[in-house]
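The block underneath contains the structure these notes are about, expressed in structure tokens.
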Amino acid sequence: MKIGKTHSALTAAALSSLLTVASGTAHADDWEFAISPLFLWGLSMEGDATINGNTAPLDLEFKDDILENMEAVFTVHFEARKGDWTIFSEYQYVDLDPDVAASIGPVNVNADISFKETMFELGGAWAMLDSDGTRWELIGGGRYSDQEMNTKINIDGPLPPELPAAKLKGGDDWWHAFGGMRVFHDINDRWTFIGRADYGYGGTDNSAWNASFMFDYRFKDWGSAFIGARFLDYDYNDDAYGFEATKSGPLAGLTIYW
């Protein structure tokens, strides 16, 4: 009788343990989602764009120039994770209207520049190592850029014969594949360090380096706030349009989880 009761108790305990493990496994395999709507990338730009052989500089500082000349900005980042796998995407639209000194052919002039850019990326990540509060991921995907620039030349007196026109308009769109790594390191129960670095390549005249780091503070199960910085260096050249510039600056925003 005692043996039967003991056997029943052990069986019940074993079943309870199996149900607990199964429940934990099912929970671990559930999809987890995160979105960072309207996060701020306080970008500065250093470099130039080339339209039909004519160069227009884009040397803008976030503190002094970007905020003053920003017409519109929209950014959003989304991720979906299940186990070791993550799918992520990001969309950004920027509209700048700076007044800068430009070199159009051999003549230095002042120019009103309208610069618009749409950037979108879609990628995936795989956790190659996840232990002791640190998760290392291999990432890969594609990044698309669409740029449009209008330059209006302001000069006293008649237009010099060296200048082809008082207005220049150009732009292009391109994409490249990228690959790199991400790391998530839990500093404590609330703070997490997030780092990313990748290289994009679409040909000898189409490449980019991208790097970022953030400190993320989880204030609730459903939300966190982050602050950090991002660096993106483009090297793109085509027959009619070229963009060789670095975009960099602080990052800040909120992330919502469900």
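What follows draws every value from the coordinates through simple rules; no lab data is involved. Not measured: the values here are computed from a predicted model. Here Cβ is always computed from backbone atoms with ideal geometry, including for glycine, and neighbour counts include all displayed protein chains.
Obtain the nm distance between the two label points defined at Lys152 and Ala197 by a simple spin-label model: each point lies 7 Å from its Cα along the Cα-to-C-beta direction.
With each label placed 7 Å out from Cα toward Cβ, I get 4.4 nm.
So how far apart, in nm, are the two label points at Phe74 and Met181 if each is 7 Å from Cα heading toward Cβ?
3.7 nm
Tell me, what ³J(HN,Hα) does each residue in segment 125-131 have, in order and in whole Hz, if you take phi through Karplus 6.51 cos²θ - 1.76 cosθ + 1.60 with θ = phi - 60° and put x for Gly and Pro?
Residue by residue, segment 125-131 yields 9, 10, 6, 7, 8, 9, 7 Hz.
Using the Kirkwood radius over C-alpha pairs as Rh, can you work out the diffusion coefficient of segment 191-255 via Stokes-Einstein at 25 °C, viscosity 0.890 mPa s, in µm² per second? Numbers along the way, then the final one.
Numbers: Rh = 13.5 Å.
Taking Rh from Cα pairs, D becomes 181 µm²/s.
What FRET efficiency do you get for Asp238 and Asp189 if R0 is 51 Å and r is their Cβ-Cβ distance, rounded to the nearest 0.05?
Details: r = 50 Å, r/R0 = 0.98.
For R0 = 51 Å, the calculated efficiency reads 0.55.
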